[in-house]
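The values are calculated or read from the model by the stated rules, or taken from the named source; none is laboratory data. Given the structure is predicted, the values throughout are model-derived calculations rather than measurements. Methodologically, a virtual Cβ is constructed for each residue, glycine included, from the backbone with ideal geometry; neighbour enumeration extends over all protein chains shown. Note: accessible area is taken over every heavy atom of the protein model, side chains too, but ligands, DNA and RNA are not part of it. Shrake-Rupley method; radii C 1.70, N 1.55, O 1.52, S 1.80 Å.
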There are 2 protein chains.
Amino acid sequence: MLYEFSDIIDPRRLPRRMKYLQYYILGLVDGEGCFSVSLKRQADARFGWVIDPIFHVTQSKEHRVILEILRRVFKCGRIIPKPGEEDRVYQYVVDSRRHLAEVIIPFFEKNKPIIKAREFESFKEIVYGLERKEHKDLDGFISLLKKAYEMPGERKYSLEDVLMQVRERVGASETIRRAPPGGGEDMVQHH
Amino acid sequence: MLYEFSDIIDPRRLPRRMKYLQYYILGLVDGEGCFSVSLKRQADARFGWVIDPIFHVTQSKEHRVILEILRRVFKCGRIIPKPGEEDRVYQYVVDSRRHLAEVIIPFFEKNKPIIKAREFESFKEIVYGLERKEHKDLDGFISLLKKAYEMPGERKYSLEDVLMQVRERVGASETIRRAPPGGGEDMVQHH
């Protein structure tokens with residue numbers, strides 16, 4: 001039995017071995033987990049937007065213990081009330097890129113999602129791309145952006161709008177950079 | 001590897017052993033499955049209502065294969081388009097009481113839900129109660145009804161309304177039964 005969880009749950013309620021608990025977690029995450037990549041406007045980011053991968057699992061407050069189990073198994077992440085539903089829903093959230101790359105992704109590489117297989121593959125490529133700093137140049141950034149938009153889920157902004165804004169911004173800073181010395185700030189330095 | 005599934009999914013996408021697949025299913029069902037007991041008006045039922053336990057798992061049409069896997073593991077149940085969302089959502093449904101009592105409940109007795117522990121216990125008590133025909137007399141029926149109403153989920157009718165209707169109906173048939181011979185049908189016999 002998994003006595004190491006006995007301070008948070010009666011171990012008789014858990015699968016008997018860590019290996020089994022891992023497959024339970026795989027199934028739970030395949031159903032209810034979320035490998036998401038959000039896109040946030042951020043004025044001081046190089047291209048005006050930040051690509052933000054997050055792994056999260058949502059659960060009613062009543063069953064928060066399951067989120068504690070996840071946190072203990074993964075040894076990272078945090079549990080927070082879900083914004084907008086603070087009084088009744090909690091989330092286990094991992095958004096540290098290091099934890100995603102070193103803990104979460106290797107776990108689901110070993111225990112592969114079935115339903116969320118494609119979603120996980122895109123998530124993995126984006127996290128690894130960010131780890132390799134591909135988002136630091138324009139082509140890499142656009143390629144990661146397009147990968148994010150291939151993932152399921154609703155988006156506040158269309159890919160076209162974001163690309164247009166990114167290109168306008170790059171164009172503007174290019175123009176400034178090409179201006180004669182003293183004719184303006186080199187905005188590229190700032191981003 | 002689980003080659004017995006290779007006609008529906010590449011077995012490399014599945015957990016390597018049946019035991020692991022069972023824990024995957026436990027996790028999936030604990031997150032997304034539903035042990036529900038619906039209550040249906042039915043004029044020719046003894047008390048005017050039928051207590052109807054159903055186990056189901058819902059999935060988008062795109063990932064229907066996961067429902068096929070469930071059907072193959074449980075060797076019972078059926079897959080149907082979800083009423084009202086036929087074009088994009090499917091459900092794996094087990095509503096045969098024999099299959100619930102002999103397959104589904106024993107599986108989740110062995111592989112216990114954590115999140116849905118209480119829901120599953122009530123479901124089990126109700127299915128076993130129906131199997132023991134407790135719903136055939138009024139006290140047993142009311143007790144099963146109350147158990148169903150203790151389960152989470154929205155109800156179209158309040159328990160009070162249903163109980164009132166049940167009692168009115170029993171009262172009416174009692175009255176008829178007590179009426180002199182030839183004074184009316186013995187409705188109890190019909191139900």
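Here are the numbers:
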read-out	value
Candidates A:R64, A:R78, filtered to the one that is in contact with a strand residue (DSSP E or B) (Cβ under 7 Å, 6 or more places away or on another chain) and within 30 Å of A:R46 (Cα to Cα)	A:R78
Enumerated helices (runs of 4 or more DSSP H) restricted to segment A:1-118, each holding at least 1 residues that are open to solvent by less than 20 Å² (accessible area, probe 1.4 Å), more than 30 Å from A:D137 (Cβ to Cβ) and more than 14 Å from chain B (Cβ to nearest Cβ)	A:65-74
Residues satisfying the stated conditions in segment A:119-153, i.e. open to solvent by less than 30 Å² (accessible area, probe 1.4 Å) and not in a helix (DSSP H, G or I)	A:M151
Any chance A:K110 is of a type in the set (D, E, K, R) and farther than 21 Å from A:V37 by Cβ	yes
Condition check for B:D52: out of contact with any His (no Cβ under 9 Å at 6 or more places or on another chain) and at pLDDT 95 or above	yes
Within segment A:110-120, tally of residues that are of a type outside the set (A, V, I, L, M, F, W, C) and in contact with a strand residue (DSSP E or B) (Cβ under 9 Å, 6 or more places away or on another chain)	3
Inter-residue pairs, beta-carbon under 6 Å, first within 13 Å of A:L2 (Cβ to Cβ) and in segment A:20-37, second of a type in the set (S, T, N, Q), 6+ apart	A:Q22/A:N111
Residues satisfying the stated conditions in segment B:154-177, i.e. in contact (Cβ under 8 Å) with a residue 24 or more places away in the chain and open to solvent by less than 70 Å² (accessible area, probe 1.4 Å)	B:Y157, B:V162, B:Q165, B:V166, B:R169, B:V170
